Amino acid sequence: MATAVAGGVRIAVAPDPVGSGGRLRVLAEDGGPASPVQGVPDLAAEVARREALERPRWVWAATDEVYPWLLDRAAVRPARCHDVKLVESLLLGQEARHRRPRSLGAAWARLHDRPEPPDAPEPGADDQPVLFAADRHHLPPGTDLLDALVAVHAAQLRRIADGPHPERMRLLCAAESAGALAALEMGREGLPWSAAVHDELLTGLLGPRPAAGARPAVLGEMTLRLQELLGRPVNPDSPAQMLPAFARVGVPLHSTRSYELRSVDHPAAALFLRYKELSRIHAAHGWAWRESWVRGGRFRPEYVVGGVVSGRWATRGGGALQIPRLLRSAVVADPGYRLVVADAGQLEPRVLAAMSGDKGLARAAAAGDLYAALAQDAFGGDRPRAKIGLLAAMYGQTSGEAGQLLAVMRRRFPAALALVESAARTGEAGGIVRSQLGRTSPAPSAERFFAEGGEGGDGGADPGDAASPDRRAARSWGRFTRNFVIQASASDWALAMLAALRRRLAEIGPAPRLVFFQHDEVIVHTPLDLAPRVEAAVTAAGEEARRLVFGPTPVPIPLQTHAVECYADAK
């Protein structure tokens, strides 16, 4: 399967900065030129023609620059591409050169031992796209774009071949590039969004729409009630006012974070928690949000592929990865359509089982509910304690009950614990770790490692840790690398699944469209009569990704699917 990822015709593409033309060059197996440069007056039409005949792997500087240009000019959806910018980022990580610029110009400069131009800031949600602007490619004046693209791509193929696991890295680069195609398509297609339902939900939660800049009525009423309970005028949006107000009623708080408020036995704490929840909805997904992000009955987010170091995606605003459950009723399929919603439950524990080859954990994963099976095997049937123990293993929690349960995990599931604890030790020593396919964690900078206390998976050292600041920083980074190997490998699987699903949906026809993706969940908008085929495609894509990423493992990674009219009905 990995050979298929690497094989096939490759064609480098360079659209003209203006107009509809551009240039192509067929590439040899090693990435070098295999044909003369071909200029074409209608590049989008030529891409569509060759896509129908050859289904090549298109090589271009960056999908988020070239693909919108193609979509604006032709209804062509390439099956495969090689995104030089995304691949460069993966290879820089493999070579322990994180934080280096990744543009085409920077990669070209490294090839020629020239100073690397810094990357331009990523465009914001309101920026107008500018194709091949100088501040995106950073090529020196007079440098031919297509020549630079071919040279950098060939060098990338050599670097992949010279790496520790070439077949895995080829698969990761292909999946990352396919993810970039899917991300642009999902932003264009959009998630169906009912403004009427959204209005009804917001009004029920917050009251009538307020004037610009004013608090909704419900939040205003809650503010007055909070002031009564705390005995003084306060602004609930200001931690600097809320902390001393709580202290005056005998409730000392370190912060106004929700986890701390949940442990407080005072009526103001519960009310404040509800205020915070509704205030977030108003700010992040309220009326103003809809005016900015919902157009033509569709929520159109702008995904950033690989926006998180673990390989998870981010967005350029819009909150696509955090649609609150309270508002999911606003996601409604078109008449005659359904939303096929699929998510991989308990993904990260299953990834740990598959990576480590731990037989006991694999048996628990095969039983269905992994936590329940774990409880029966090692925790006397107590599912909550089993979950705490496994999360403690993955996130490095050692204080309180978590530490005791971690000891049980270490005895009963030694291979799984050996994997994460080895990753933690590597991080504590300032080293790097890799995902299943080879995505690499950054090494900590000296400033972050020794001054800021690292970037641990659980946000910092254990309470009461009396070690030196340097030791606390090392432990914190160890917690980061401990979880990185699992979270990044889960991202490997999710990307491979997304790429496989995109291909399978294209085989069904043009109507089923991917419209949403977050970490371990996808939504396909499909005609009602095709919903069973889409559900089957989702299941097959998940199984294909499991085989590709983890090989012959007995650990299942099931995708539960629901064909529904409304997103809220899938949960």
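The values are calculated or read from the model by the stated rules, or taken from the named source; none is laboratory data. Just so we're clear, the structure is a prediction, and the values are computed from it rather than from any experiment. With ideal geometry, Cβ positions are generated from the backbone for all residues, glycine too; neighbour counts draw on all protein chains shown. Side chains included, ligands, DNA and RNA excluded: accessible areas come from the protein's heavy atoms. Shrake-Rupley method; radii C 1.70, N 1.55, O 1.52, S 1.80 Å.
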Return only the number of the condition from (1) part of a helix (DSSP H, G or I); (2) within 21 Å of the chain's Cα centre (by Cα) that Gly360 does not satisfy.
(2)
Segment 41-91: number of residues that are acidic (Asp, Glu) and either closer than 11 Å to Val13 by Cα or not in a helix (DSSP H, G or I) (or both):
3
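Residue-wise test of (1) among the aliphatic types (A, V, I, L, M); (2) in contact with a helix residue (DSSP H, G or I) (Cβ under 7 Å, 6 or more places away or on another chain); (3) at negative phi.
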site: Gly21; (1), (2), (3): no, yes, yes
site: Val26; (1), (2), (3): yes, no, yes
site: Pro41; (1), (2), (3): no, no, yes
site: Tyr67; (1), (2), (3): no, yes, yes
site: Ser89; (1), (2), (3): no, no, yes
site: Arg100; (1), (2), (3): no, yes, yes
site: Ala107; (1), (2), (3): yes, yes, yes
In segment 541-565, the residues that are touching a residue at least 60 places away in the same chain (Cβ under 8 Å), farther than 22 Å from Asp369 by Cβ and open to solvent by 20 Å² or more (accessible area, probe 1.4 Å):
Arg547, Leu548, Ala563, Glu565
I need the full set of residues from segment 548-569 which are more than 21 Å from the chain's Cα centre (by Cα) and in a helix (DSSP H, G or I), in order please.
Ala568, Asp569
Would you please name the residue that is least open to solvent (accessible area, probe 1.4 Å), looking only at residues in segment 138-149 that are of a type in the set (A, V, I, L, M) and free of Cβ contacts under 8 Å to residues at least 60 places away in the same chain?
Ala148
Quick check on segment 252-283: of everything there that is in a helix (DSSP H, G or I) and open to solvent by 50 Å² or more (accessible area, probe 1.4 Å), which residue is farthest from Met186 (Cα to Cα)?
Pro267
Taking Gly231 and the conditions (1) at positive phi; (2) within 29 Å of the chain's Cα centre (by Cα), which numbered condition does it fall short on, given that it satisfies the others?
(2)
Residues of segment 219-236 classified as more than 14 Å from Leu273 (Cα to Cα) and either in contact with a Ser or Thr (Cβ under 7 Å, 6 or more places away or on another chain) or among the basic types (Lys, Arg) (or both), total:
1
Being at pLDDT 95 or above and either surrounded by 19 or more Cβ atoms within 10 Å (Cβ to Cβ) or assigned to a helix (DSSP H, G or I) (or both) narrows it down to one residue among Gly478, Gly457, Gly438, Gly403; which is it?
Gly438
With respect to the numbered conditions (1) farther than 25 Å from Ser194 by Cα; (2) open to solvent by less than 40 Å² (accessible area, probe 1.4 Å); (3) touching a residue at least 12 places away in the same chain (Cβ under 8 Å), which one is the sole condition not fulfilled by Ala568?
(1)
What are the pairs, 6+ residues apart or on separate chains, where a residue within segment 306-334 that is touching a residue at least 60 places away in the same chain (Cβ under 8 Å) and aromatic (Phe, Trp, Tyr) has its Cβ under 7 Å from a residue that is buried (at least 22 other Cβ atoms within 10 Å of the Cβ) and part of a loop (DSSP other than H, G, I, E, B)?
Trp313/Val305
Those residues of segment 233-251 that are part of a loop (DSSP other than H, G, I, E, B) and either buried (at least 16 other Cβ atoms within 10 Å of the Cβ) or in contact (Cβ under 8 Å) with a residue 60 or more places away in the chain (or both) come to a total of 3
Odd one out for Glu116, checked against (1) more than 30 Å from Glu167 (Cα to Cα); (2) open to solvent by 20 Å² or more (accessible area, probe 1.4 Å):
(1)
For segment 487-540, which residues satisfy the criterion of being β-branched (Val, Ile, Thr), in a strand (DSSP E or B) and either within 30 Å of Leu391 (Cβ to Cβ) or open to solvent by 20 Å² or more (accessible area, probe 1.4 Å) (or both)?
Val522, Ile523
Among the residues of segment 210-232, write down those that are part of a helix (DSSP H, G or I), open to solvent by 30 Å² or more (accessible area, probe 1.4 Å) and small (Gly, Ala, Ser).
Ala217
How many residues of segment 150-170 are open to solvent by less than 10 Å² (accessible area, probe 1.4 Å) and either free of Cβ contacts under 8 Å to residues at least 12 places away in the same chain or touching a Cys at 6+ places or on another chain (Cβ under 9 Å) (or both)? The answer is 2
Filtered residue count, segment 314-365, keeping only those that are touching a strand residue (DSSP E or B) at 6+ places or on another chain (Cβ under 9 Å), closer than 30 Å to Pro552 by Cβ and open to solvent by less than 10 Å² (accessible area, probe 1.4 Å)
5
If you take just the helices (runs of 4 or more DSSP H) that sit entirely in segment 138-209, which of them hold at least 2 residues that are of a type in the set (Gly, Ala, Ser) and more than 21 Å from Leu339 (Cα to Cα)?
145-162, 166-189
How many of the residues in segment 370-400 are part of a loop (DSSP other than H, G, I, E, B), among the polar types (S, T, N, Q) and open to solvent by 60 Å² or more (accessible area, probe 1.4 Å)?
2
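Residues checked against (1) charged (D, E, K, R); (2) touching a helix residue (DSSP H, G or I) at 6+ places or on another chain (Cβ under 6 Å):
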site	(1), (2)
Leu191	no, no
Ala195	no, no
Gly207	no, yes
Ala211	no, no
Arg215	yes, no
Gly220	no, no
Glu228	yes, no
Asn235	no, yes
For Asp199, the lone unmet condition from (1) open to solvent by 10 Å² or more (accessible area, probe 1.4 Å); (2) under 30 Å from Arg290 (Cα atoms); (3) under 27 Å from the mean Cα position of the chain (by Cα); (4) among the charged types (D, E, K, R) is (3)
Going through segment 14-40 in order, the residues found to be part of a loop (DSSP other than H, G, I, E, B), touching a Leu at 6+ places or on another chain (Cβ under 7 Å) and touching a residue at least 60 places away in the same chain (Cβ under 8 Å) are Pro17, Asp30, Gly31, Val37
Pick from segment 171-188, criterion among the charged types (D, E, K, R) and surrounded by fewer than 22 Cβ atoms within 10 Å (Cβ to Cβ), ranking: nearest to Ile523 (Cα to Cα)
Glu185
